[in-house]
Amino acid sequence: MEPTEAEIAEARSRVGGPYSWYVLGVLVLVYIFNFIDRQIMSILAEDIKADLGVGDAEIGFLYGTVFGVFYALFGIPLGRLADMWHRINLLSIGLALWSGMTALSGFAQSFTQLAFARIGVGVGEASASPVAFSVLSDYFPKEKRATALAIYSSGLYLGGGISLFTGGLIKDQWNLAFPGGGPLGLVGWQAAFLAVGIPGLLLALWVRTLKEPIRGLSEGIVSPTEPRPWPKFFTELSSVIPPFTIFHAASFGRAALVKNLIGLAVIAAIATGAYSLFGRGPQWIALGTGAYAVFSWSQSLKQRDAPTHALIWGTPTFLMAVVGFGLISFKGYAIGFWGAPYALRTFPNVDAASVGFFLGSGGALGGFLGVVLGGNLADRLRRNNPAGRIIVAFVALFATAPLIWLQFSTTNITLFYVVAFLNSITGSMWVGIAAATSQDLVLPRMRGAATATYFLGTTIIGLGLGPFTVGMLSEYFQDLGKANVAILAVLPISATLLTLVYRQLPKAEATRIDRARAAGEAI
């Protein structure tokens, strides 16, 4: 049912007003829980390795790849559902799912069981940012959007920091109280998963009380309500989840099926080649599955929603931003995860609780300062330069390089903590810029799909490859510090892509409506 004039007037009064900031505050809390549940494995990694008998590469796989691939895959249909259905309801359901699966991680007794629990966390968390980006874009006008999305994105660092301190403290205290295992035979790292998962179920009830904004109102482009969201959602799901992707492609004709199968064969050959070079079969199976699913979805989207495909997959600026920012996140996820294990292995007389406190509090404060500073500075630069936001991304890209080298080469624990704090400031300045850029390049009804595509870069490239690559290099070098420094090799590639984005962004944003019309959009 379409909103009435009275409902539109009431909703318009909330855009940029006190209620919008209240919604932002609740969504920041949701994102904090999102990253507590995601990041807590960092401080627990050493105990998990010992109990489950796995190496650094497998830990990187559990934290990054298996979570990231399913996060990315389900982010696509859930992002589209966020464009069509009640976004607040979708977020509360997703929050309940990932919190429940985090709690279930506490009962894992094997690598496989923990991997399946991490899959569940990834599927649930895939609902969060597509909903939040879309809702906040409707609650805040464009001139305040980067600031709002940067504040929301600060939950990444606040949650990551809280998870390190909380996880380390719970683990150490539990193991001290129950040296041989506590109730139900649980050890410290299992108790930590339970302790952070259960409160999220209560937060899901709070989220249900938020008011759904009118889609597109903040830009004066009120989008009509989708009358049949669920059939379209299941169509979207079949377009991205193998092997249903093959049957889905066949529904568009023989040529589409052949193209899909050729894509599958090419991706399978690349994954097989990676396995023959590096081993680690589960890693390349997961990444290959993710790459094929993304290819299938892009192919399907072009058939079913040509305007959305044109503004996302048909826009080189958008794709270069996805990869360019994805490579920044490659660096960020890697050092963010491996910082705590590095400290525990390198510096004498430290424990998980103290490492979690200093890294966690520094990361939370630094990350919050960085994203808010970066978002505010980006909005200021954008006033006189349509591509001004990207300048801040270059600061985040290059300022972190010497800090990473120093953080993972120093033998002084105090300097390690100080540099990690500085790194969290500079390394987080890009987050709000990337989010706002993805939203500005599409129409309001496409925001969920744009967010899902943007997160393909930060999850499949960043989360799916970053922690695993450092873990694998750590085993190769037998030195976790060298492994973290080695990933700086990706910075020139990211810089090149973002330079091209900077040059092309003004034109791409200015022509989005015309290009959507040309692709068939009724606007």
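The values are calculated or read from the model by the stated rules, or taken from the named source; none is laboratory data. These figures come from a predicted structure and were not determined experimentally. Positions of Cβ are generated from backbone atoms using ideal geometry, with glycine treated the same way; all protein chains shown enter the neighbour counts.
In the condition set (1) in contact with a Leu (Cβ under 6 Å, 6 or more places away or on another chain); (2) free of Cβ contacts under 8 Å to residues at least 40 places away in the same chain, Gly185 is compliant with all but (1). Counting the residues of the stretch 66-108 that are more than 18 Å from Phe193 (Cβ to Cβ) and not hydrophobic (A, V, I, L, M, F, W, C) gives 11.
Can we say Phe477 is of a type in the set (Phe, Trp, Tyr) and free of Cβ contacts under 8 Å to residues at least 12 places away in the same chain? Quick ask: steps written out before the conclusion?
Numbers: of a type in the set (Phe, Trp, Tyr): yes; free of Cβ contacts under 8 Å to residues at least 12 places away in the same chain: yes.
Yes.
As a summary of the residue check, Ala306 satisfies the conditions (1) without any contact (Cβ under 8 Å) to a residue 12 or more places away in the chain; (2) of a type in the set (Gly, Ala, Ser); (3) out of contact with any helix residue (DSSP H, G or I) (no Cβ under 8 Å at 6 or more places or on another chain) except for the one numbered (1). Screening the stretch 450-480 for residues that are under 18 Å from the mean Cα position of the chain (by Cα) and among the aromatic types (Phe, Trp, Tyr) and picking the one that is surrounded by the fewest Cβ atoms within 10 Å (Cβ to Cβ) gives Tyr454. Where helices (runs of 4 or more DSSP H) sit wholly within the stretch 114-213, those with at least 1 residues that are at pLDDT 90 or above and among the basic types (Lys, Arg) occupy 142-177.
Only helices (runs of 4 or more DSSP H) whose full extent lies in the stretch 419-497 are considered here, and the ones with at least 3 residues that are closer than 30 Å to Ser361 by Cβ and small (Gly, Ala, Ser) are 431-440, 464-477, 480-486. Checked against the criterion of being farther than 27 Å from Ile151 by Cβ and surrounded by fewer than 24 Cβ atoms within 10 Å (Cβ to Cβ), the stretch 379-387 has no qualifying residue.
Listed conditions (1) touching a residue at least 60 places away in the same chain (Cβ under 8 Å); (2) within 30 Å of Leu257 (Cβ to Cβ); (3) aliphatic (A, V, I, L, M) are all met by Ala274, apart from (1). Screening Ser218 with (1) touching an Asp or Glu at 6+ places or on another chain (Cβ under 6 Å); (2) at pLDDT 90 or above gives one miss only, at (2). Every condition in (1) crowded, with 24+ Cβ neighbours inside 10 Å; (2) more than 23 Å from Gly290 (Cα to Cα) holds for Arg447 except the one numbered (2).
Does Phe295 fit the bill of being in contact with a Gly (Cβ under 7 Å, 6 or more places away or on another chain), crowded, with 23+ Cβ neighbours inside 10 Å and not small (Gly, Ala, Ser)?
Working: in contact with a Gly (Cβ under 7 Å, 6 or more places away or on another chain): yes; crowded, with 23+ Cβ neighbours inside 10 Å: no; not small (Gly, Ala, Ser): yes.
So Phe295 fails the test.
Note on the stretch 277-287: residues that are surrounded by fewer than 21 Cβ atoms within 10 Å (Cβ to Cβ) and assigned to a helix (DSSP H, G or I) amount to 5.
Take the conditions assigned to a helix (DSSP H, G or I) and over 29 Å from Gly168 (Cβ atoms) and apply them to Val23. Does it pass? Walk me through how you get there before you give the answer.
Numbers: assigned to a helix (DSSP H, G or I): yes; over 29 Å from Gly168 (Cβ atoms): yes.
So Val23 fits the description; yes.
If you go through the stretch 26-70 and keep only what is among the β-branched types (Val, Ile, Thr) and not in a helix (DSSP H, G or I), you end up with Ile40, Val54.
Taking Arg515 as the residue in question, decide whether it is among the basic types (Lys, Arg), farther than 26 Å from Leu373 by Cβ and more than 23 Å from the chain's Cα centre (by Cα). So that I can check it myself, show each step before the final result.
Values: among the basic types (Lys, Arg): yes; farther than 26 Å from Leu373 by Cβ: yes; more than 23 Å from the chain's Cα centre (by Cα): yes.
Spelling it out, Arg515 is indeed among the basic types (Lys, Arg), farther than 26 Å from Leu373 by Cβ and more than 23 Å from the chain's Cα centre (by Cα).
Please find, among Ile119, Ile93, the residue that is among the hydrophobic types (A, V, I, L, M, F, W, C) and over 22 Å from Leu463 (Cβ atoms). Matching residue, one of Ile119, Ile93: Ile93. Is it true that Thr317 is touching a residue at least 24 places away in the same chain (Cβ under 8 Å), farther than 27 Å from Ala436 by Cβ and among the β-branched types (Val, Ile, Thr)? Answer is no for this residue.
Rundown of residues vs (1) at pLDDT below 90; (2) of a type in the set (D, E, K, R); (3) surrounded by 22 or more Cβ atoms within 10 Å (Cβ to Cβ), yes/no style:
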position	(1), (2), (3)
Glu10	yes, yes, no
Val26	no, no, no
Met41	no, no, yes
Asp47	no, yes, no
Gly60	no, no, yes
Gly79	yes, no, yes
Arg87	no, yes, yes
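Scanning the stretch 237-263 for residues that are in a helix (DSSP H, G or I), in contact (Cβ under 8 Å) with a residue 24 or more places away in the chain and within 25 Å of the chain's Cα centre (by Cα), we see that the one that is surrounded by the most Cβ atoms within 10 Å (Cβ to Cβ) is Thr245.
With respect to Gly75, is the statement that it is within 30 Å of Pro229 (Cβ to Cβ), without any contact (Cβ under 8 Å) to a residue 60 or more places away in the chain and not aromatic (Phe, Trp, Tyr) true? Judged against the criteria, Gly75 is not a match.
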